[in-house]
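*Asks:* Take a look at the following structure, please.
The values are calculated or read from the model by the stated rules, or taken from the named source; none is laboratory data. Predicted model only: the values in this text are computed from it and were never measured. Heads up, the Cβs are rebuilt from the backbone with ideal geometry, glycines too, and the neighbour counts pull from every protein chain shown. Protein only, heavy atoms only, side chains kept; ligands, DNA and RNA dropped before computing areas. Shrake-Rupley method; radii C 1.70, N 1.55, O 1.52, S 1.80 Å.
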Amino acid sequence: MHGILTLNAGSSSLRFGLYRGGAEPQMVVDGHVDGIGPAARLTVLRGERREVSEVAADTPGAALDAVMMALEPDLSEVAVNAVGHRIVHGGTEFNGPVLLEPDTIAVLEALVPLAPLHQPHNLAGVEVARRRFPAALQIGCFDTSFHRTHPWVNDTFALPRKFYDSGVRRYGFHGLSYEYITGEISRLYPALSRGRVVIAHLGNGASMCAVNGGQSVGSTMGFTALDGLPMGTRCGQVDPGVVLHLLTQVGMSAEEVTHLLYRESGLLGLSGLSSDMRVLLASDAPEAAQAIDYYVFRARREIGAMTAVLGGIDALVFCGGIGENAAPVRQRIVDGLEYLDIALDQDANRANAPDIGAGKTRVMVMPTDEERVIARAAQIALDKARDLAV
């Protein structure tokens with residue numbers, strides 16, 4: 001039976017899923033390698049069964065080798081004919097999934113400076129998969145593609161036009177997550193899919209998207225995945241003058257500023273304790289409380305901004321690790337949004353129920369599934385390749 005492997009390679013983690021191919025790919029097994037390096041741990045999920053083990057995985061290549069060993073029983077029944085990759089930045093070139101040929105990879109490598117926390121590792125995963133599965137199709141799926149429907153005013157900066165023409169513009173990210181959520185809204189709530197929805201993808205990376213009639217018309221993220229909401233270790237919105245000050249007055253190098261903004265800021269920088277919301281919620285440290293206060297304030301502010309982009313709001317949807325699981329954070333974000341007819345059913349919110357609203361505007365919790373979006377794209381590529389071969 002033909003199969004599809006999905007890979008989401010990060011700086012210290014590798015998420016994977018193995019699917020049986022078909023009109024709707026069926027998950028066989030999924031999991032992740034965390035802490036790539038001396039203390040790597042592999043988690044494999046087969047239905048309700050969860051297996052966790054320490055593995056020798058100092059590099060993404062070694063992590064994929066560990067995954068392949070764990071999948072040996074499954075690969076005897078499901079042959080990998082396509083590998084789908086999450087790639088954060090597709091620039092202006094790509095508005096949908098593509099075959100990852102050498103010329104395409106060269107274009108994506110040029111975008112590394114725009115997503116230094118993700119792009120190099122995404123592409124390293126592609127190289128490893130090409131060596132491991134030389135006969136399989138390699139498919140790239142981009143976090144930026146979903147946002148290519150933005151109107152010009154939501155896509156540009158107030159800089160000389162030559163910069164926009166050269167690619168300096170708002171791209172938006174987390175597009176695979178938003179694509180899945182809008183697809184589920186269309187499937188489950190067809191009337192709502194024609195309306196105005198703010199989707200809050202809240203996790204270690206965080207953003208919001210304004211969706212009108214199923215299309216992205218605005219995003220809190222911009223040229224890079226730094227903008228908008230504060231995140232685990234990323235700063236979110238910051239006055240560009242701060243960056244100039246750090247460079248010209250503090251004397252930091254561009255590399256030092258990059259490291260500061262991507263890896264030392266956000267919840268970690270504000271709290272001085274952790275980038276993990278669960279740790280901060282459990283902490284009595286005043287700095288932890290202040291970090292959460294800022295996170296909640298910025299989230300509430302961005303909901304207002306996305307509502308303004310849409311000219312109103314019919315539903316607010318939470319997804320992502322924090323959005324799906326942190327009921328106290330959802331509660332605090334929603335507090336004060338009564339002017340948008342947004343309120344929570346306390347019991348439903350504590351239970352992480354699908355529908356948690358108690359006001360006119362619908363409030364929902366929807367688990368996202370970026371891997372399924374990738375698997376579907378890989379299946380389409382396989383179907384096209386089969387049709388061409390006939």
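*Asks:* Calculated from DSSP H runs of 4 or more alone, at -39500 (n - 2.57) each and per residue, what is the 222 nm mean residue ellipticity of the chain, nearest 500?
*Replies:* Result for the chain: -11500 deg cm²/dmol, rounded to the nearest 500.
*Asks:* Set Lys and Arg Cβ to +1 and Asp and Glu Cβ to -1, take the dipole of region 217-303 about its Cα centre, and tell me which of Thr233, Leu268, Val217 lies farthest positive.
*Replies:* Checking the options against the dipole of region 217-303, the answer is Val217.
*Asks:* If you don't mind, another one. How large a share of the accessible area of the chain, in percent, is made up of carbon and sulfur atoms when the probe is 1.4 Å and the other protein chains stay in place?
*Replies:* Roughly 53 percent of what the probe reaches on the chain is carbon or sulfur.
*Asks:* Here's something else I'd like to know. What distance in nm lies between label points placed 7 Å from Cα along the C-beta direction at Ala282 and Arg49?
*Replies:* It works out to 2.9 nm between the two label points.
*Asks:* A further question follows. Exactly which chymotrypsin sites (Phe, Trp or Tyr not before Pro) in region 143-198 are in a DSSP loop and have at most 15 other Cβ atoms within 10 Å?
*Replies:* Values: sites: Phe146, Trp152, Phe157, Phe163, Tyr164, Tyr171, Phe173, Tyr178, Tyr180; in loops: Phe157, Tyr171, Phe173.
Passing sites in region 143-198 are Phe157.
*Asks:* Here's something else I'd like to know. Of the options Phe16, Gly90, Val44, report the single residue whose Cα projects farthest towards the positive end of the charge dipole of region 1-116 (beta-carbon charges: Lys, Arg +1; Asp, Glu -1).
*Replies:* Highest projection toward the positive end goes to Val44.
*Asks:* Rounded to the nearest 5, what % of the DSSP beta bridges within the chain are antiparallel ones?
*Replies:* Of all bridge pairs located within the chain, approximately 65 percent are antiparallel.
*Asks:* Treating the beta-carbon of each Lys and Arg as +1 and of each Asp and Glu as -1, no other charges, what is the dipole magnitude of region 237-390 about its Cα centre, to the nearest 20 debye?
*Replies:* 280 debye
*Asks:* Hey, rough spin-label estimate for Thr156 and Glu256, points 7 angstrom out along Cα→Cβ, what's it come to in nanometres?
*Replies:* 3.7 nm
*Asks:* Sorting check: for 242-249, 221-228, 106-113, which peptide has the highest mean count of neighbouring beta carbons within 10 Å, and how do the rest follow?
*Replies:* Peptide ranking by packing, descending: 221-228, 106-113, 242-249.
*Asks:* Using only the Cα atoms of the chain, what do you get for the radius of gyration and for Dmax, in Å?
*Replies:* 20.9, 66
*Asks:* On to the next question. Where the centre of each part is set by its Cα atoms, how far does region 261-320 sit from region 101-148, in angstrom?
*Replies:* 29 Å
*Asks:* Tell me which residues come under 5 Å, amide H to amide H, from Gly10 once H is placed; ignore anything under 5 positions away on its chain.
*Replies:* Correct list: Arg15.
*Asks:* Nearest-5 percent of antiparallel DSSP beta bridges in region 1-142? If you can, show how the numbers build up before the last one.
*Replies:* Numbers: 29 of 41 bridges.
That works out to approximately 70 percent antiparallel.
*Asks:* What do you get when you divide the Cα radius of gyration of region 295-390 by 2.2 N^0.38 Å, with N the number of residues?
*Replies:* So the Cα radius of gyration is 1.44 times the expected 2.2 N^0.38 Å.
*Asks:* Using a simple charge model, +1 on the beta-carbon of Lys and Arg, -1 on the beta-carbon of Asp and Glu, nothing else, what dipole does the chain show about its Cα centre, in debye to the nearest 20?
*Replies:* Details: 33 positive and 44 negative charges, 141 e Å.
Magnitude of the dipole: close to 680 debye.
*Asks:* Taking each pair of distinct Cα atoms in region 52-143 once, what is the resulting Kirkwood hydrodynamic radius in Å? If you can, show how the numbers build up before the last one.
*Replies:* Working: mean 1/r = 0.0707 Å⁻¹.
Hydrodynamic radius (Kirkwood, Cα only) of region 52-143 equals 14.2 Å.
*Asks:* Pairing the Cα long axis of helix 370-389 with the longest principal axis of the chain, what angle in degrees results, from 0 to 90 and rounded to the nearest 10?
*Replies:* Orientation of helix 370-389: about 40 degrees from the principal axis.
*Asks:* If you don't mind, there's one more thing I want to ask. Enter the angle in degrees (range 0 to 90, nearest 10) between the Cα long axis of helix 60-70 and the first principal axis of the Cα atoms of the chain, meaning the one along which they spread out most.
*Replies:* Once rounded, one gets 60 degrees.
*Asks:* Put a dot 7 Å past each Cα toward the Cβ at Tyr164 and Glu101; how far apart are the dots in nm?
*Replies:* 3.2 nm
*Asks:* Could you identify which residue out of Leu99, Leu117, Leu137 has the top mean-square fluctuation in a GNM of the chain using Cα springs shorter than 10 Å?
*Replies:* Its mean-square fluctuation being the largest, the pick is Leu99.
*Asks:* With only Lys, Arg, Asp and Glu charged, each at its Cβ (+1 for the first two, -1 for the last two), find how big the charge dipole of region 1-82 is about the Cα centre; round to the nearest 20 debye.
*Replies:* Roughly 140 debye for region 1-82.
*Asks:* For all pairs of alpha-carbon atoms in region 160-201, what percent lies in each bin of width 10 Å, listed from the first bin to the last filled one?
*Replies:* 24, 36, 21, 18, 2
*Asks:* I need the fraction of alpha carbon pairs in region 177-237 separated by more than 18 Å, rounded to a whole percent.
*Replies:* That fraction is 36 percent.
*Asks:* Accessible area per residue of the chain at 1.4 Å probe, in Å²?
*Replies:* I get 45 Å² per residue for the chain.
*Asks:* Kindly write out, for region 161-168 in residue order, the coupling ³J(HN,Hα) from the Karplus curve 6.51 cos²θ - 1.76 cosθ + 1.60 (θ = phi - 60°), rounded to whole Hz, with x marking Gly and Pro.
*Replies:* With the stated coefficients, region 161-168 comes to 4, 4, 6, 4, 5, 8, x, 7 Hz.
*Asks:* Take the Cα atoms of region 203-344, find their three principal axes, and give me the spread along each one in whole Å, biggest first.
*Replies:* Projected onto its principal axes, the Cα set of region 203-344 covers 47, 36, 22 Å.
*Asks:* With θ set to phi - 60° and the Karplus curve 6.51 cos²θ - 1.76 cosθ + 1.60, what are the ³J(HN,Hα) couplings of region 194-199 in order, to the nearest whole Hz, using x for Gly and Pro?
*Replies:* 8, x, 10, 10, 9, 9
*Asks:* Given H placed on each backbone N at 1.01 Å, which residues far from Gly236 in sequence or on other chains put an amide H within less than 5 Å of it?
*Replies:* Here the answer is Met231, since their amide H atoms fall under 5 Å of that of Gly236.
*Asks:* For the chain, build the charge dipole from Cβ charges (+1 Lys, Arg; -1 Asp, Glu) around the Cα centre, then report which of Leu316, Ser283, Val243 sits farthest towards its positive end.
*Replies:* Leu316
*Asks:* Could you order the peptides 61-70, 187-196 from most to least packed, using the average number of other C-beta atoms within 10 Å per residue?
*Replies:* Final packing ranking: 61-70, 187-196.
*Asks:* Would you please state the base-10 log of I(q)/I(0) at q = 0.15, 0.19, 0.20, 0.22 1/Å for region 225-270, with intensities from the Debye formula using one equal scatterer on every alpha carbon?
*Replies:* -0.33, -0.53, -0.59, -0.70
*Asks:* Around Ala82, which amide H atoms from residues at least 5 apart in sequence, or from another chain, sit under 5 Å from its own amide H, with H modelled in the peptide plane?
*Replies:* When sequence neighbours closer than 5 places are left aside, the close amide H contacts are Gly3, Leu5, Leu137.
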